[in-house]
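The values are calculated or read from the model by the stated rules, or taken from the named source; none is laboratory data. Please read these numbers as outputs of a predicted model, since none were measured by experiment. Cβ atoms come from the backbone with ideal geometry, glycine included; neighbour counts cover every protein chain shown.
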């Protein structure tokens with residue numbers, strides 16, 4: 001911060017005479033000296049003109065021949081009156097011409113003085129503009145430096161983010177490579193399980209068919225055995241049976257109808273139970289799948305809750321660290337502001353000292369020099385250099401020179417004091433600039449921490465919301481798991497109950513079928529008895545033989561079917577074992593895949609977040625580049641304007657020098673005229 005302090009040293013009695021300007025921005029001492037010279041010289045010359053004595057004709061004795069109207073009688077005794085009048089007229093005409101010429105020169109002097117002042121004002125304006133340009137250049141340079149530092153920081157952050165993104169992508173690739181074979185194995189196991197279930201269904205169907213065939217064969221065997229027994233009984237008791245059969249036929253028909261109804265009902269119930277069993281087994285399988293999925297959801301929800309709670313802990317620690325730093329920075333900022341206030345008070349005091357030094361009165365050396373010149377001129381004009389007046393004038397000249405020396409010493413002392421005070425002021429201003437810079441840095445650091453704290457607090461709110469959401473999700477998942485396990489238990493109980501019902505029906509059906517067959521056989525027998533009462537015993541024997549052959553054949557068929565049923569039971573057991581092993585393998589693969597997929601989802605989110613942050617950082621970097629280009633162009637423009645300003649100052653100084661040279665010529669000419677007028681119109 002540059003501040004100009006000006007002090008004027010009076011050079012004459014005129015209130016309009018220029019003074020000496022002492023600037024606090026003394027970085028241009030040569031310019032200051034030239035300006036001081038240009039200002040002092042017109043003041044001195046103006047004072048000489050103002051204080052120059054008028055031309056007067058003296059009546060006292062003169063030391064020369066030509067001094068105003070010459071007293072001819074003093075030189076040559078009596079002179080003719082005409083000669084005296086001619087001499088006086090000639091001197092008066094000469095003085096009038098010289099006075100007119102002097103007035104013209106004074107006008108020229110005034111014009112030149114105005115032009116010099118205008119040129120000096122233009123130089124001062126250019127100096128002010130130069131100071132403003134220097135300030136703008138410094139500000140632009142500082143801004144450009146900060147932008148370049150920000151760019152370097154942002155570039156480093158982008159490089160670090162790219163490295164971290166590459167690492168995350170590598171981790172994601174590793175996880176994908178781990179998950180892919182597991183998913184392939186899971187798909188193959190699920191396909192294998194589907195095939196095994198298909199085989200199991202077919203085996204169950206085959207077993208049911210064979211069991212039905214076996215039941216039918218046993219029924220036929222029982223029927224044939226009964227028929228053979230009945231035939232034997234009929235052979236042995238043919239006559240008695242005929243009579244008994246006639247009586248019992250009606251009762252047997254009724255019993256046969258009842259048995260047929262019981263068998264039909266049992267077969268229908270068995271068919272219904274067998275038809276309902278696959279649906280119940282499918283429901284149990286679905287319930288098992290749902291229970292496994294619910295368990296996986298609980299595991300995933302627990303992991304999400306753990307990650308959310310960990311994020312909350314981390315953000316809380318970061319917020320605590322930032323909040324601990326902020327009071328320290330506020331204390332440092334307050335201390336710096338106190339130092340700045342103290343420094344401003346010191347600067348104000350120093351400025352008051354400068355103002356006091358500037359207002360310090362000093363003797364007018366230029367006026368004293370003018371008086372000295374008048375005394376010397378008067379002494380030189382004396383005819384008797386050794387008279388009392390000459391001695392008095394000599395004493396006055398010596399005293400006047402002493403006064404001039406003292407006045408010049410006072411002016412020099414005052415100038416030195418102001419220069420020293422300006423130096424102290426510049427030092428204090430530099431210290432104030434340093435304190436302001438430190439304060440700006442601390443305030444910027446505090447602002448950055450506050451912005452960081454705001455972002456962390458926002459993230460903490462989001463993390464707490466994630467914890468709440470994860471907690472609710474975990475509760476929902478556990479409720480779903482409980483419901484799925486309950487559904488699985490109920491489904492398994494239903495399958496078990498249905499199987500028990502089927503087993504009971506299958507166990508009861510052979511007895512009912514046997515009862516029906518027996519009843520029908522009895523009816524047939526009775527009818528046969530009634531029909532065959534007239535047949536001969538050979539026919540009955542043939543019937544018995546055929547019945548025994550049928551029993552033998554049917555026994556062989558029952559043995560064959562029992563072997564096939566046992567084989568199907570073995571096959572079904574093998575299939576159940578394979579299905580259980582495959583389901584366990586699927587569950588194991590799912591248990592391996594669940595944490596890997598969770599980690600992959602977490603990595604994908606982290607990669608997306610990092611890519612978004614990287615995109616934002618690159619956009620910020622482009623914006624910084626644009627600002628740097630703009631600031632650089634501004635700096636070049638200001639530096640060009642600075643050079644143009646300096647060139648204009650140099651040109652204006654040349655103009656001032658030329659005007660001062662013309663001014664000196666006019667002053668010299670006026671001095672000659674004044675000397676001639678002082679001699680009464682005669683040339684000196």
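What to note about this one:
- Every residue from segment 446-481 that is over 17 Å from residue 306 (Cα atoms) and either outside any helix (DSSP H, G or I) or touching a residue at least 24 places away in the same chain (Cβ under 8 Å) (or both): 446, 449, 450, 452, 453, 456, 457, 480, 481
- Search result, residues across segment 404-417 that are in contact with a helix residue (DSSP H, G or I) (Cβ under 6 Å, 6 or more places away or on another chain) and at pLDDT 90 or above: 404
- Inspection of segment 548-561 finds no residue satisfying the criterion of being touching a helix residue (DSSP H, G or I) at 6+ places or on another chain (Cβ under 7 Å), exposed (fewer than 14 other Cβ atoms within 10 Å of the Cβ) and in a helix (DSSP H, G or I).
- Any chance residue 335 is part of a helix (DSSP H, G or I) and over 29 Å from residue 447 (Cα atoms): no
Residue-wise test of (1) surrounded by 16 or more Cβ atoms within 10 Å (Cβ to Cβ); (2) out of contact with any strand residue (DSSP E or B) (no Cβ under 8 Å at 6 or more places or on another chain); (3) farther than 30 Å from residue 588 by Cα; (4) modelled with pLDDT under 85.
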residue: 252; (1), (2), (3), (4): yes, yes, yes, yes
residue: 305; (1), (2), (3), (4): yes, yes, no, no
residue: 316; (1), (2), (3), (4): no, yes, yes, no
residue: 333; (1), (2), (3), (4): yes, yes, yes, no
residue: 348; (1), (2), (3), (4): no, yes, yes, no
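- Of all residues in segment 351-388, those that are touching a helix residue (DSSP H, G or I) at 6+ places or on another chain (Cβ under 8 Å) and in a helix (DSSP H, G or I) total 21.
- Test: residue 508 is surrounded by fewer than 18 Cβ atoms within 10 Å (Cβ to Cβ) and farther than 21 Å from residue 299 by Cβ: yes
- You will find that of 599, 578, 588, the residue that is touching a residue at least 24 places away in the same chain (Cβ under 8 Å) and either in contact with a strand residue (DSSP E or B) (Cβ under 7 Å, 6 or more places away or on another chain) or within 24 Å of residue 172 (Cα to Cα) (or both) is 599 and no other.
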